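*Asks:* Supplied in structure tokens, the structure appears directly below.
The values are calculated or read from the model by the stated rules, or taken from the named source; none is laboratory data. Every value quoted in this text rests on a predicted model; they were computed, and no experiment measured them. So basically every Cβ, Gly included, is an ideal-geometry build from the backbone, and we count neighbours across all protein chains shown.
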Amino acid sequence: MFYVLECITGMHDPTMVALALSIWSIGGASLFLLMRRAQESNQRRQRQWIAIAAISAGVAVWGTHFVAMLAYDGGMTVTFQIPLTLLSIAVAIVLFWVALQAHFWLKMPGKSVVTGSLIAFAIAGMHFTGMAAMQVAAQIHYNWGLVIGGQLTASVLAILAFAAFDRIAGRSGVVMAIVLSLLAVGAMHFTAMSATQLVPDPARPAVEEGVGRTLIAAMTVSASIMLALIALGTSFIDRYLNDLRGLADASLDGIAILRDGRIIDANDRFLLLVGAAREAVMGRDVTSLLSVQDGSPLATLSKAATEGLLQQADGENRPVEIAAHVIEYRGRDCQVISVRDLTRIKESQRRITHLAKHDSLTSLPNRATAMQAMAQAMEIAALNGEQVAVLALDLDRFKAVNDIFGHQEGDRVLCQVSDYLRAAVRATDLVARLGGDEFLIIQTGAIQPQGAVALAERIIAMFARDQTEAKKLRTVGTSIGIAVFPDDAADPSSLHHAADLALYRAKAIGRGNICSYDVDMDNEQQQRRELEHDLGHAIARGEFWLAYQPLVNARTRQTTGYEALLRWDHPRLGAVPPDRFIPLAEETGAIIPIGEWVLTEACTEAAGWPNQLSIAVNVSAVQFWIPSLVDTVRNALQISGLPAHRLELEITESVVMRDSENVVRTLDELREIGVSIVMDDFGTGFSSLSNLKSYAFDKIKIDRSFIATIDSDSSSRAIMRAIVGLGHSMNLPVVAEGVETEEQLQFVASEGCVQVQGYLFGRPAIAPAFTDLQVSAV
């Protein structure tokens, strides 16, 4: 160790030693900063930075070596062979490149050991190749113990340098790596020089060709420092430019730089918006890609944004916002175009506009759009002498579907209906949803009213076909009202009102009907609306009451029970006939609370009668659709205290026409409670016999239409006999309703009817007083 120090202090020029070490200080800084840059780059760029770092470090360590050798004073004149001198540079560069490649290629924790060892080997290889290039009239001898010691010392220091670089973040790691690598280079060189002994040899000829010390010093210092500084400068400039490029590419806006109207640079976002590679965009005239909405030249744009279109590579135009300003770029004034994609904003605006003009559920035009379209159609028709038909539709039984099955099922039905209507109309017709279950169709370019009637018939047929095929509770029907411009109204509001009135007339006639407007409908519709409004408040106002008509044993003429019949005393209209308000209640859904009231009221009244008397209550088909009907019946029995066997529920064929599985389940649950089920109006339906076979009934009632004509019509008598015989064969009691004469009573009793009902035994009246249960004919 002391020998090495003595060699440095006694045999080297201190100034040249300091110069040599400063060369590696710059070279080491270049090496590790370039390595840091390589770490930040992708694989392709990383290979480039490794090559630059290897060249810079190789030249720097070579420069350090030769300047340090020039600082060595061995007492003899020394020159250097050019080929071996150049070879020593190549050895340093190649071995440094191998070491750095290994450092980035290896993924194991101890890779700094491999890298440091290879770096020490590169320093040694360069040193001894350079020593071989030395020309001197002496023999060179080495102390190999010192050489090996220097190699090991350099290896340890190089390993520590790369370990510090890898494990210590930031500038501290780089600075420590530079210092340790400087010690490694110094240890290798000065230990090797201390191990070198020049023994004069007179037999060696003088060197004929070589490079002098002064020239080699100047060349070495200049080349080493300049190359290291260039490498460092390249690293910093590249990083700066990449940071700028990264910032530009990170922008959500497309940026293009123009010179003389042509694109000379662009960020990644701009290329993405265009949908083309950089090579396809560079050099293009910007007007082939961008256009301003108002037609202004791009060269006149300012920082104030304006809207325009960007033509994509696929030929599609993308809505954009464009702004521009002038900057200095590469020494010249250039225009910078900033392009912001407006596709999502425009799409959002389109959605908002669509929602403002269309129904959100069905995507049909809404009320405002329909009225605007109606006004335009009427204006065009007036100019051309044509007609415009408006069809108003709403859905039969929709409120019941919504109440029973929920709004989700109701929405599904509305979407299905919208599809039906779209399929039924022509491309020139407009279908709109006004709200709820109300729809409107505007028909132009057709002879009216024939065109509108034909369209309405197609729609009704589609609904009927759906009901026939589906046979589900959720199936709805429709009624349609038609009004024609200019025959029925002169403005959109009046035309729509006329179609509405025709619709209400169609619904009053019966479900699934079509009706055209006439002038008498206004008064009728006003009355219907008032009745519908009052119907919804009748329970709360106490306007309903129950009338009771007796059920009588056909042979003994004793009362066996009563049928509860709903009556409405309207405060202004007086007694409203049931056939007028009950269909309206079923249509609007008001029958559900009304039916619950009737059931509870009838059971409560009957609970105070003698035990042998039954009470019969009619149940609407709409009530039967409610899943909670069984609970409603059970609750009425519990509140009233009426035994279940005294309650009879009368249903018509409309109850069992659809969804037979649910009907069977509900009937079974009611029978389990103990309630009797009666088939009312038997013989009037299309499938009475099949229904009697499919469902378990406790009693059947012959419709009054057969009883009314048995005195004069042999067919009625034959039908009645067949029904009674069928009942007996199935062990079902048969009730004859509508018995008004003694002759009718005698006939039905003789044929086997067990019960009768009709005016012969009393008209429906208030709850009876039970002083005498014997009822005489009147």
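*Asks:* Sort out which residues of the range 510-559 are surrounded by fewer than 18 Cβ atoms within 10 Å (Cβ to Cβ), closer than 24 Å to K701 by Cα and among the polar types (S, T, N, Q), and write them in order of number.
*Replies:* N553, T556, Q558
*Asks:* Looking at (1) at pLDDT 85 or above; (2) of a type in the set (S, T, N, Q); (3) surrounded by 14 or more Cβ atoms within 10 Å (Cβ to Cβ), can you tell me which one S716 breaks?
*Replies:* Exception for S716: condition (1).
*Asks:* Can I ask one more? Which number in (1) part of a helix (DSSP H, G or I); (2) in contact (Cβ under 8 Å) with a residue 60 or more places away in the chain; (3) under 24 Å from P486 (Cβ atoms) marks the one condition that V417 misses?
*Replies:* (3)
*Asks:* Would it be correct to say that D294 is more than 19 Å from V326 (Cα to Cα), more than 34 Å from the chain's Cα centre (by Cα) and not aromatic (F, W, Y)? Give the derivation first.
*Replies:* Details: more than 19 Å from V326 (Cα to Cα): yes; more than 34 Å from the chain's Cα centre (by Cα): yes; not aromatic (F, W, Y): yes.
Criteria met by D294.
*Asks:* Against the definition (surrounded by 15 or more Cβ atoms within 10 Å (Cβ to Cβ) and either in the same structural domain as R511 (by the TED database) or within 30 Å of R505 (Cβ to Cβ) (or both)), how does T369 come out, yes or no? If you could, list the steps in order and put the result at the bottom.
*Replies:* On the way: surrounded by 15 or more Cβ atoms within 10 Å (Cβ to Cβ): yes; either in the same structural domain as R511 (by the TED database) or within 30 Å of R505 (Cβ to Cβ) (or both): yes.
So T369 fits the description; yes.
*Asks:* All but one of (1) of a type in the set (S, T, Y); (2) at pLDDT below 90; (3) not in a helix (DSSP H, G or I) hold for S479; which doesn't?
*Replies:* (2)
*Asks:* From R465, R426, R412, which residue is in the same structural domain as P492 (by the TED database) and at pLDDT 90 or above? Full working, then the answer.
*Replies:* Values: R465 fails: at pLDDT 90 or above; R412 fails: at pLDDT 90 or above.
Step by step, each of R465, R426, R412 is checked, and only R426 is in the same structural domain as P492 (by the TED database) and at pLDDT 90 or above.
*Asks:* Taking N635 as meeting all but one of (1) surrounded by 17 or more Cβ atoms within 10 Å (Cβ to Cβ); (2) part of a helix (DSSP H, G or I); (3) modelled with pLDDT of 85 or more, write down the number of the exception.
*Replies:* Result: N635 passes all but (1).
*Asks:* Scan A368, A400 and give me the residue that is aliphatic (A, V, I, L, M) and either more than 28 Å from A590 (Cα to Cα) or part of a strand (DSSP E or B) (or both).
*Replies:* Going through A368, A400 in turn, just one is aliphatic (A, V, I, L, M) and either more than 28 Å from A590 (Cα to Cα) or part of a strand (DSSP E or B) (or both): A368.
*Asks:* Taking only the range 517-572 into account, find how many residues are not in a strand (DSSP E or B) and not charged (D, E, K, R).
*Replies:* Taking the range 517-572 and keeping what is not in a strand (DSSP E or B), we get 517-543, 554-557, 571-572.
When the remaining residues are screened for being not charged (D, E, K, R), the result is 517, 519, 521, 523, 525-527, 531, 533, 535-540, 542, 554, 556, 571.
Residues in the range 517-572 being not in a strand (DSSP E or B) and not charged (D, E, K, R): 19 in total.
*Asks:* If the requirement is being at pLDDT below 85 and either basic (K, R) or not assigned by the TED database to the domain that holds Q638 (or both), which of these qualifies: A765, A769, A696?
*Replies:* Numbers: A765 fails: at pLDDT below 85; A696 fails: either basic (K, R) or not assigned by the TED database to the domain that holds Q638 (or both).
One residue alone meets the criteria, A769.
*Asks:* Please verify whether the range 679-692 includes one or more residues that are under 17 Å from L629 (Cβ atoms), modelled with pLDDT under 70, surrounded by 17 or more Cβ atoms within 10 Å (Cβ to Cβ) and assigned by the TED database to the domain that holds S620.
*Replies:* No, the range 679-692 contains no residue that is under 17 Å from L629 (Cβ atoms), modelled with pLDDT under 70, surrounded by 17 or more Cβ atoms within 10 Å (Cβ to Cβ) and assigned by the TED database to the domain that holds S620.
*Asks:* A further question follows. Could you please find all residues in the range 45-57 being at pLDDT 75 or above and either farther than 14 Å from A184 by Cα or not in a helix (DSSP H, G or I) (or both)? Quick ask: steps written out before the conclusion?
*Replies:* In the first step, residues of the range 45-57 are kept if they are at pLDDT 75 or above; the result is 46-57.
Q46, R47, Q48, W49, I50, A51, I52, A53, A54, I55, S56 - these are the residues of the range 45-57 that are at pLDDT 75 or above and either farther than 14 Å from A184 by Cα or not in a helix (DSSP H, G or I) (or both).
*Asks:* Something else now. For the range 35-56, which residues satisfy the criterion of being small (G, A, S) and in contact (Cβ under 8 Å) with a residue 40 or more places away in the chain? Before you say what the answer is, go through the steps one by one.
*Replies:* So in the range 35-56, the residues small (G, A, S) come out as 38, 41, 51, 53-54, 56.
Within the range 35-56, A38, A51, A53, A54, S56 meet the criteria.
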